[in-house]
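This report refers to the structure that appears directly beneath it.
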Amino acid sequence: MKYFAIYQKATGTIEYTGSVATSEDNYLPTLELYADPLDPAVHGMLVGDQDSAPETHYVQSGPGTITAPWTPLDLTPRAWYQGGDLETAGVWPDTMGLYDATQPDLTRTPGFYRETFAGQSVLIFDPLRQTYMDLPTTLYTGMTEGSVFVVSREVNPEITGHLIPPDFGSDVAHDLSGLDQDSLGQWHILCYRAAPDDWRARKNGQEVYASAVNTVAFSPAPTLGTTTESYFEGEVAEIIFFPVRLSDADTAMVEGYLAHKYLLNSELDAGHAYRSAPPVIETPGTVASLVAKPTFDIAFDVSEIPDDGVTAATIVGTIPSGTLIELAADPTMGITGQSMTYISGPFSLTSMCPGDHVITFSLDNYVSKSLTVTVLP
């Protein structure tokens, strides 16, 4: 029966995750946290259920780093289209709630596959049916630069066209010939970034095109999957628009997020910062971890403890707060007529201040005994 501490909230409650052994009736374990009076950073944890005795663990809290998943929301996207939000092929809701992509003409609506790629739904664009989706005309309003990320796979964009035209944020279509020839039919992550005198394209975290000549211009009638000359053929799972040209560091974070979400991290460039692990947020805080507390064994002969009396044992030295005091008896020294001695425990002294502490325990014949433990400074 185990619980593992993750972190301690500012409110003082400790969160745990892990597995717990429960009975066949699925009784949930009880959980009690109590602070050590002499060391508030240490909490005792009792875990048990109706079919077993509780176990005691200790949690030490202190300064540390709290880690949480990172998402593109931290960079404030202009619009975000996720496969998990797809409910019908005619509407692709914007996660940000402002710029839904739509296609009211059912004859030109992209196909819709539910939860087929890394648990996400995808749209299928077919040039034979000339399928596409309209984006709101206000999507690019006020933008003087921008970035877009696409998780997709295509048949051959040089013949059938790009999902996002290569004139994104530009007054000309940049030459991306050959960009997709090495991975036709494979899922990948594309990124375009546009700013004055700067237009760049990345694929799977590696820059594949850059131009220092660019006049920023955004289409007043943006679409997904079509230009005036061609229609995109392929599938798309996610698109994110940003109203700024993201830095290289922020671009890598978005790529890392998408790569691990869609299990494409092995496709990232070998030197990519997030190939092995997704980006996370790290903030200073109070963290907690399981710690071992010292245990002191007290050996004694139970036959020397009268039924109505008390015997004493002395521990010399400072015992750390929360230390477990375990009673250990020689099983051959049981009460007359008994071959074994059962002692319940372990016992944890509620206060480790120097002085006398009385522990009451039971033997296997249910006779109650007492033992005085003296803690010396």
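The values are calculated or read from the model by the stated rules, or taken from the named source; none is laboratory data. Remember, it's a predicted structure, so these values are computed and weren't measured experimentally. Cβ placement follows ideal geometry from the backbone for every residue including glycine, while neighbour counts extend to all protein chains displayed.
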remark   = Of the candidates SER177, SER211, the one satisfying the condition of being in contact with a strand residue (DSSP E or B) (Cβ under 6 Å, 6 or more places away or on another chain) and in the same structural domain as GLY84 (by TED's automatic domain parsing) is SER211
note = The condition of being more than 20 Å from the chain's Cα centre (by Cα), buried (at least 17 other Cβ atoms within 10 Å of the Cβ) and not in a strand (DSSP E or B) holds, among LEU258, LEU246, only for LEU246
query = Among the residues of segment 93-123, how many are outside any strand (DSSP E or B) and either of a type in the set (Gly, Ala, Ser) or touching a Gly at 6+ places or on another chain (Cβ under 8 Å) (or both)?
reply = 8
ask   = Quick check, is PRO136 touching a helix residue (DSSP H, G or I) at 6+ places or on another chain (Cβ under 6 Å), within 22 Å of GLY83 (Cα to Cα) and in a loop (DSSP other than H, G, I, E, B)?
value = no
message = For the list (1) at pLDDT 95 or above; (2) assigned to a loop (DSSP other than H, G, I, E, B), I need the number of the one condition that THR251 fails.
response = (2)
query = In segment 87-117, how many are touching a Phe, Trp or Tyr at 6+ places or on another chain (Cβ under 6 Å) and at pLDDT below 90?
reply = 1
key: Given (1) farther than 22 Å from CYS191 by Cβ; (2) among the hydrophobic types (A, V, I, L, M, F, W, C); (3) modelled with pLDDT of 55 or more, index of the condition LEU75 fails   = (1)
ask   = Going by the structure shown, is PRO127 surrounded by 15 or more Cβ atoms within 10 Å (Cβ to Cβ) and either within 28 Å of SER247 (Cα to Cα) or not assigned by TED's automatic domain parsing to the domain that holds ALA217 (or both)?
value = no
